[in-house]
1. Write out, first by first residue and then by second, each pair whose Cβ atoms fall under 9 Å of each other, whose residues are 6+ apart or on separate chains, and whose first residue, in region 84-95, is over 26 Å from residue 64 (Cα atoms) and at pLDDT 95 or above while the second is in a strand (DSSP E or B) and of a type in the set (S, T, N, Q).
2. Being more than 24 Å from residue 39 (Cβ to Cβ) and assigned to a loop (DSSP other than H, G, I, E, B) is the filter here; which residues of region 57-96 pass it?
3. Take region 96-110 and flag every residue that is buried (at least 17 other Cβ atoms within 10 Å of the Cβ), over 15 Å from the mean Cα position of the chain (by Cα) and modelled with pLDDT of 95 or more.
4. Could you give every pair whose Cβ atoms fall below 9 Å, whose first residue belongs to region 99-110 and is in contact (Cβ under 8 Å) with a residue 12 or more places away in the chain and assigned to a strand (DSSP E or B), and whose second residue is hydrophobic (A, V, I, L, M, F, W, C) and surrounded by fewer than 16 Cβ atoms within 10 Å (Cβ to Cβ), counting only separations of at least 6 or pairs across chains?
5. Residues to consider are 30, 15; find the one that is touching a Pro at 6+ places or on another chain (Cβ under 8 Å), modelled with pLDDT under 95 and not acidic (Asp, Glu).
Amino acid sequence: MSFARTVLLVAAAAALSLAMPLLVAHAQQAASLTVTYSNGQFQPSALHAPANTPLALTVKNLDPKSMEFESNSLRVETVIAAKSEGVIKLRPLQPGKYDFYDDFGGKADGTLTVQ
């Protein structure tokens, strides 16, 4: 191995070791939210979350029928089987209001407010 190549490899390794802590620090932990679907309604119907943070939204369906958690603004459409739950991973969101609803039942709706 030539001297120039050795110097280049050492420099690249040093740069990578300096960059790794920045990459790890940049990775954000997801904030957890939970909403329950029961008797054709979301509880709570108003959720709040921090802006620019990934979200893990747990949807618990306590009803004896499947429901579809849908949101055009969140770009989500997920069927949750009867008496089960699902976790929806959401990208970091800008501040604003994001509506969601049950597409199967048609009467349940809610809002996620991101601040």
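1. 95/113
2. Those that are more than 24 Å from residue 39 (Cβ to Cβ) and assigned to a loop (DSSP other than H, G, I, E, B): 72, 73, 75, 91, 92, 93, 94, 95.
3. 101, 102, 110
4. Filtered contacts from region 99-110: 110/46.
5. Result of the check over 30, 15: 30.
The rows are residues; the columns are (1) free of Cβ contacts under 8 Å to residues at least 60 places away in the same chain; (2) more than 16 Å from residue 105 (Cα to Cα).
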{"site": "34", "(1), (2)": "yes, yes"}
{"site": "37", "(1), (2)": "no, no"}
{"site": "46", "(1), (2)": "no, yes"}
{"site": "51", "(1), (2)": "no, yes"}
{"site": "54", "(1), (2)": "yes, yes"}
{"site": "59", "(1), (2)": "yes, no"}
{"site": "66", "(1), (2)": "yes, no"}
{"site": "71", "(1), (2)": "yes, no"}
{"site": "75", "(1), (2)": "yes, yes"}
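The values are calculated or read from the model by the stated rules, or taken from the named source; none is laboratory data. Keep in mind that this is a model prediction, so the values were computed, not measured. Cβ: placed from backbone, ideal geometry, glycine included. Neighbour counts: every protein chain shown.
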